Structure formats: structure tokens, C-alpha cells
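S.K.: Below: one structure in C-alpha cells.
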Amino acid sequence: MTVAEIVEKRGNSRENLIQILHDIQDESGDNSLHRDKLEELSRIMKIELADITGTASFYTMFSLKPRGRRIVRLCDSPPCYIMGSENILDALQEKLGVKVGETTPDKEFTLEFTSCLGVCGVAPAMMIGDEVYGNLSRQKVFEIIDALKAAQ
Ligand code: FES
């Protein structure tokens, strides 16, 4: 879908900007917002490019640099931290072979932190794509990543 088609579908209104940016990022193929697309969006919506990039930079769900097909977001808010999110971070870094902010060489996974996912009752928790995983253990992390790799 082109930028023009996305704007047409969502409605050319400032209040739809976040959703439009989501759609553009989903279409990017590398989970990021490309500068040429944002320039096109700026022309179509008549919103300053700096305004659009400012909005995109403010929200952690958007990225201006290429990321993996799947974003692994580990919660690092206090309830998850108390329940051992540091051990989960170690397991993720070991299993994926990347540090936070990095993408696996096959461009499949990018590891990021997130604030509370709203499922503190099952801390420690993480989100991969739209799926939330709770009650994490080192073993569970390995199984989840293995299952996702097998499903590629
Ligand atoms: S603090 Fe991690 S889900 Fe709420």
C-alpha cells in the first residue's frame, strides 16, 4: 500500500497521524519509518517533516532505523525487575546473540526494552509482535524463541 493510499484509508487528518505512521511502518518490511516515506507523508498531509519525525521519535513503537521482522520488547519496569527481568534479559541476549537495541544478523529479531505492558500479575513479561508472554523463566524464553524460529 502506498503512503497516499494509507492516508486515504485513514483520513487526511492530524488526529490520524499515529495510526498512519503505524501503517507506514508495517508496510516498510523492516519495522521502521523510511525518510522518503515521511517526506511523502509530509507533502500529502501538509504537516512539517520535523513535526512528523518529532512525533515518530517520541513513541518507542516507532523507529527511524531498520529493525528486525519481530520486535522483542522486554518489560523493565519495577514489578518485572523485582521478579527477575534481568535474568530474562540475559537469556534473551544469549539466545538471540544480540544486545538491547540490536538486530539479529538474519534480520528476524530486534531486542528492545519497554515500560509496563499492563500484565504485572504475570511478571516478568515481554511482548513479541502483538503477543504477550508472562511468567517468564530462562527455559521458557528459550522455548518461545525456538518455536518462533521454527515457524519462520
Ligand atoms: S511492570 Fe512489567 S508488565 Fe507491568
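S.K.: Under 11 Å from the Cβ of M127, count the other residues' Cβ atoms, weight Lys and Arg +1, Asp and Glu -1, and hand me the total.
M.R.: -1
S.K.: Using a Gaussian network model of the chain whose springs link C-alpha atoms within less than 10 Å, name the residue from R67, R14, R35 with the highest mean-square fluctuation.
M.R.: R14
S.K.: Protein chains only, probe 1.4 Å: how do K46, K95 rank by accessible area, largest first?
M.R.: If we order K46, K95 from most to least accessible, we get K46, K95.
S.K.: Is the shape of the stretch 49-141 best called rounded, prolate or oblate, per the rule: a/c under 1.5 gives rounded, else a/b larger than b/c gives prolate, else oblate, with a ≥ b ≥ c the square roots of the Cα gyration tensor eigenvalues?
M.R.: Verdict is oblate for the stretch 49-141.
S.K.: Are there any trypsin sites (Lys or Arg not before Pro) in the stretch 103-152 that are in a DSSP loop and have at most 15 other Cβ atoms within 10 Å? List them by number.
M.R.: Answer in residue order: K107.
S.K.: Still on this structure: Given axes a ≥ b ≥ c from the Cα gyration tensor, I'd like to know whether the stretch 3-58 is rounded (a/c under 1.5), prolate (a/b larger than b/c) or oblate.
M.R.: Rounded shape, in that the Cα axes give a/c under 1.5.
S.K.: Starting from the Cα-Cα distance between S28 and T2, subtract it from 0.36 nm times their residue separation and give me the gain in nm to one decimal.
M.R.: Between S28 and T2, full extension yields an extra 8.3 nm.
S.K.: Could you tell me which Cys residues in the chain have no other cysteine's Cβ under 4.7 Å from their own Cβ, answering none if every one has a partner?
M.R.: Cysteines lacking a close Cβ partner in the chain: C116, C120.
S.K.: Moving on. If each residue of separation counts as 0.36 nm, what is the full-extension length gain between M61 and L148 once their alpha-carbon separation is subtracted?
M.R.: That works out to 29.2 nm of additional length.
S.K.: A follow-up question, please. Report ³J(HN,Hα) in whole Hz for each residue of the stretch 39-55, in order, from the Karplus equation J = 6.51 cos²θ - 1.76 cosθ + 1.60 where θ = phi - 60°; Gly and Pro get x.
M.R.: 5, 5, 4, 4, 5, 5, 8, 6, 10, 3, 4, 4, 5, 5, 5, x, 5
The values are calculated or read from the model by the stated rules, or taken from the named source; none is laboratory data. As the structure is a computational prediction, the values presented were derived from the model and not from experiment. Because the Cβ atoms are built from the backbone with ideal geometry, glycine has one as well, and the counts that use them run over all protein chains shown. Heads up: the accessible areas ignore ligands, DNA and RNA and are worked out on the full protein's heavy atoms, side chains in. Shrake-Rupley method; radii C 1.70, N 1.55, O 1.52, S 1.80 Å.
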